1. Long-range amide H contacts for T57: which residues qualify at under 5 Å (H placed 1.01 Å from N, peptide plane, sequence gap of 5 or more or a different chain)?
2. Taking the Cα atoms only, what angle lies between the long axis of helix 19-33 and the longest principal axis of the chain, rounded to 10 degrees?
3. If you put +1 on each Lys and Arg Cβ and -1 on each Asp and Glu Cβ, how big is the dipole of the stretch 1-80 around its Cα centre, in Debye rounded to 20?
4. Before I look further, what does the chain give for accessible area per residue, probe 1.4 Å, in whole square angstrom?
5. Using a basic spin-label model with each label point 7 Å from the Cα along Cα→Cβ, how many nm lie between A83 and R27?
6. Could you identify which residue out of V38, V11, V54 has the top mean-square fluctuation in a GNM of the chain using Cα springs shorter than 10 Å?
7. Counting only residues 5 or more places away or on other chains, whose amide H sits under 5 Å from the amide H of I14 once H atoms are built in the peptide plane?
8. Around V11, under 12 Å between beta carbons, what's the net of Lys plus Arg minus Asp minus Glu among the other residues?
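The values are calculated or read from the model by the stated rules, or taken from the named source; none is laboratory data. Please read these numbers as outputs of a predicted model, since none were measured by experiment. Quick reminder, even Gly has a Cβ in these numbers, built from the backbone with ideal geometry, and neighbours come from all protein chains shown. Just so you know, the surface numbers come from the protein's heavy atoms only, side chains and all, with ligands and any DNA or RNA stripped out. Shrake-Rupley method; radii C 1.70, N 1.55, O 1.52, S 1.80 Å.
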Amino acid sequence: QVLSDVFNAPVFTIDTANSACLGSAYRAIHGLAAERNVSLADVVKSAPEPRLAVTPTPGAEELYRPLLKRYAELEQKVIYNPASSC
């Protein structure tokens, strides 16, 4: 639920063991196949059917939107000037 609220997006799952590892493997395959213009949709079309797990809590976006903006600003500060970020 937290991921759905923070990113204001529905969260889907698949009924398989180690689904996060499976997702990482699909992304890796996509990375290898990208030079042949293979889309991620083509890579995952054999994946198990996802199931909607949760949707964003109404009103959560107003709470998390400013926090995500601040997080992005801090991340950029660390990436582009790591010595002064501490």
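1. Amide H neighbours of T57, under 5 Å, 5+ apart: D5.
2. 80 degrees
3. On the way: 8 positive and 9 negative charges, 32 e Å.
It works out to roughly 160 debye.
4. Numbers: 6750 Å² over 86 residues.
Result: 79 Å² of accessible area for each residue.
5. With each label point 7 Å from Cα toward Cβ, the separation is 3.2 nm.
6. Among V38, V11, V54, the largest GNM mean-square fluctuation belongs to V38.
7. Sorted by chain and number, the residues that satisfy this are R51.
8. Details: positive: R51; negative: D5.
Charge balance near V11 sits at 0.
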